[in-house]
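One structure is given here, and the rest of the page talks about it.
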Amino acid sequence: MKKALITGISGQDGSYLAELLLEKGYEVHGIIRHISFEDTGYRLSNIAHIQDKIFLHGASLENQLSLYKVVKEVQPDECYHLAARSFVSYGLDESSILTTNFNGTHHLLEAICEIVPSCRVYFAGSSEMFGYAGTSPQNEFTPFYPRSMYGISKLAGYHLVNIYRKRYGIFICTGILYNHESPRRGFEFVTRKITSTAAKIKMGFKIKLILGNLEARRDWGYAPDYVRAMWMMLQQDTPDDYIVATGRTNSVKDFVDITFKMLNLNYKDYVVTDQRFYRSGEEVPLCGDSQKIRSRLGWKTTKLLTEIIEEMVQEDLKAEGLRCDYGSRIIRS
Ligand code: GDR
């Protein structure tokens with residue numbers, strides 16, 4: 001039985017990946033922060049349904065020894081490094097994102113190189129590495145030009161990964177993933193902020209949705225499709241880097257409009273904008289050309305944006321014991 005180790009197992013991607021690997025017969029181990037053992041209801045809610053099937057280890061990205069001990073104990077065949085501070089802030093005072101993300105990747109790779117150099121590794125890169133992209137769509141040859149500490153941290157990790165691949169022969173792939181959403185998305189990201197607030201508005205708990213730039217465009221895909229791409233990368237004969245994206249962009253306004261229409265509401269009655277949530281430098285949209293992973297690995301997407309939104313809205317209504325029927329009526333579920 002193959003053993004997989006996932007950092008960030010309790011997040012959106014980690015939890016879907018754990019499900020996928022269990023289905024494929026892996027023994028699944030995950031790293032969580034020690035604090036999560038204390039507050040499992042909230043922090044481990046994404047993996048509550050599989051908690052008795054997986055092995056959880058307490059460790060911190062910031063502590064090299066703790067990562068070393070877990071790698072030594074698990075001796076994984078595959079390691080998926082997803083843990084990171086992932087909210088994209090454009091504030092340059094957020095320099096701790098850079099150190100946490102970069103050092104975490106470095107500590108983990110050092111441990112793997114030392115203890116299990118045959119382990120195959122996936123590193124979670126990001127479209128934010130392209131940042132102020134000069135062209136759209138971007139592909140694997142597009143120059144990187146990050147515009148946030150987060151983007152710089154992912155780009156630094158990407159370069160580190162290349163060193164471990166070239167110098168030490170580690171089988172390691174970077175997935176350059178564009179935005180990917182689901183009902184397990186954190187509430188700080190715009191998609192979940194929209195679906196959860198719209199559901200609350202529909203139920204009368206809230207009256208306004210405050211957003212930043214409604215014209216900003218993103219390439220939004222479905223998270224379970226993206227974790228499948230991670231697994232596929234590690235099953236190849238040689239390690240490589242791949243863009244994972246839908247190749248289509250929509251604006252925040254489109255997302256809002258679809259969500260509110262699904263609930264039979266007009267977003268113009270509820271949405272207000274606030275400069276606090278605006279980001280600069282988003283003129284050229286991040287849109288991925290995923291031709292390489294599609295043609296070489298046979299990867300494809302399974303859901304359209306409207307279907308993703310519908311799933312998210314239903315989940316946000318379900319939290320209140322409700323659901324939306326086909327006539328956009330809200331009924332008790
Ligand atoms: P992003 O996701 O920064 O692309 O990073 P986010 O959902 O935060 O922003 C998407 C777009 O929406 C615009 N926007 C707002 N965003 C937030 N959060 N809140 C608002 O009120 C709001 N109004 C408009 C943003 O300007 C932006 O254009 C995600 C994360 O998952 C990263 O970790 C990952 O690497 C990238 O996607 C790919």
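The values are calculated or read from the model by the stated rules, or taken from the named source; none is laboratory data. The structure displayed is predicted, hence computed values, not measured ones. With ideal geometry, Cβ positions are generated from the backbone for all residues, glycine too; neighbour counts draw on all protein chains shown.
Quick one: count up the residues across region 34-84 that are charged (D, E, K, R) and either touching a helix residue (DSSP H, G or I) at 6+ places or on another chain (Cβ under 8 Å) or closer than 21 Å to SER96 by Cα (or both).
5
Note down all Cβ pairs under 7 Å where the first residue falls in region 280-304 and is within 14 Å of TYR178 (Cα to Cα), the second is part of a helix (DSSP H, G or I) and within 13 Å of the ligand (Cβ to nearest atom), and they're at least six residues apart or on different chains.
LEU286/SER127; GLY288/SER127
Quick check, is ILE243 within 17 Å of GLY131 (Cα to Cα), modelled with pLDDT of 95 or more and outside any loop (DSSP other than H, G, I, E, B)?
yes
Could you check, for region 107-118, whether at least one of its residues is in contact (Cβ under 8 Å) with a residue 60 or more places away in the chain and either over 20 Å from ARG228 (Cα atoms) or surrounded by 15 or more Cβ atoms within 10 Å (Cβ to Cβ) (or both)?
yes
Identify, by number, the condition in (1) within 16 Å of the ligand (Cβ to nearest atom); (2) in contact (Cβ under 8 Å) with a residue 24 or more places away in the chain; (3) part of a helix (DSSP H, G or I) that SER96 doesn't meet.
Unmet condition: (2).
Do we find that LYS154 is within 11 Å of the ligand (Cβ to nearest atom), in a helix (DSSP H, G or I) and under 17 Å from THR7 (Cα atoms) in this structure?
For LYS154, the condition - within 11 Å of the ligand (Cβ to nearest atom), in a helix (DSSP H, G or I) and under 17 Å from THR7 (Cα atoms) - is met.
Which members of region 1-35 meet the condition of being of a type in the set (A, V, I, L, M), closer than 14 Å to HIS57 by Cα and surrounded by fewer than 23 Cβ atoms within 10 Å (Cβ to Cβ)?
Listed by number, the list holds a single entry, ILE35.
Just the residues that are within 13 Å of the ligand (Cβ to nearest atom) and either of a type in the set (Asp, Glu) or surrounded by fewer than 17 Cβ atoms within 10 Å (Cβ to Cβ) (or both), please, taken from region 194-213.
LYS208, ILE210, GLY212, listed by residue number.
Just checking, how many residues over region 271-286 are near the ligand (Cβ under 9 Å from one of its atoms) and not in a loop (DSSP other than H, G, I, E, B)?
4
Looking at region 177-188, which of the residues that are near the ligand (Cβ under 9 Å from one of its atoms) and part of a loop (DSSP other than H, G, I, E, B) is nearest to PHE141 (Cα to Cα)?
So the residue we want is TYR178.
Out of curiosity, is GLY157 at pLDDT 95 or above, under 25 Å from GLN236 (Cβ atoms) and touching a helix residue (DSSP H, G or I) at 6+ places or on another chain (Cβ under 7 Å)?
Yes, satisfied.
Of the residues THR174, THR191, only one is assigned to a helix (DSSP H, G or I) and under 21 Å from TRP220 (Cα atoms); which?
After ruling out the rest, the residue left standing is THR191.
I'd like the full set of residues that are acidic (Asp, Glu) and crowded, with 17+ Cβ neighbours inside 10 Å, limited to region 75-93.
Correct list: ASP77, GLU78.
Hey, could you check region 281-297 for residues that are farther than 10 Å from ALA133 by Cβ and aliphatic (A, V, I, L, M) and say which is surrounded by the fewest Cβ atoms within 10 Å (Cβ to Cβ)?
LEU297
Would you confirm whether or not region 291-309 contains a residue that is in a helix (DSSP H, G or I), more than 28 Å from TYR122 (Cβ to Cβ), at pLDDT 95 or above and away from the ligand (no atom under 12 Å from the Cβ)?
The answer is yes, given that some residue of region 291-309 is in a helix (DSSP H, G or I), more than 28 Å from TYR122 (Cβ to Cβ), at pLDDT 95 or above and away from the ligand (no atom under 12 Å from the Cβ).
In region 100-139, how many residues are part of a loop (DSSP other than H, G, I, E, B) and either within 16 Å of the ligand (Cβ to nearest atom) or under 21 Å from GLN12 (Cα atoms) (or both)?
7
If you go through region 18-39 one residue at a time, do you hit one that is within 16 Å of the ligand (Cβ to nearest atom), within 25 Å of MET233 (Cα to Cα) and of a type outside the set (D, E, K, R)?
No, every residue in region 18-39 fails to be within 16 Å of the ligand (Cβ to nearest atom), within 25 Å of MET233 (Cα to Cα) and of a type outside the set (D, E, K, R).
If a residue has to be closer than 25 Å to TYR132 by Cβ and either outside any loop (DSSP other than H, G, I, E, B) or β-branched (Val, Ile, Thr) (or both) to count, how many in region 201-228 make the cut?
Residues meeting the conditions: 5.
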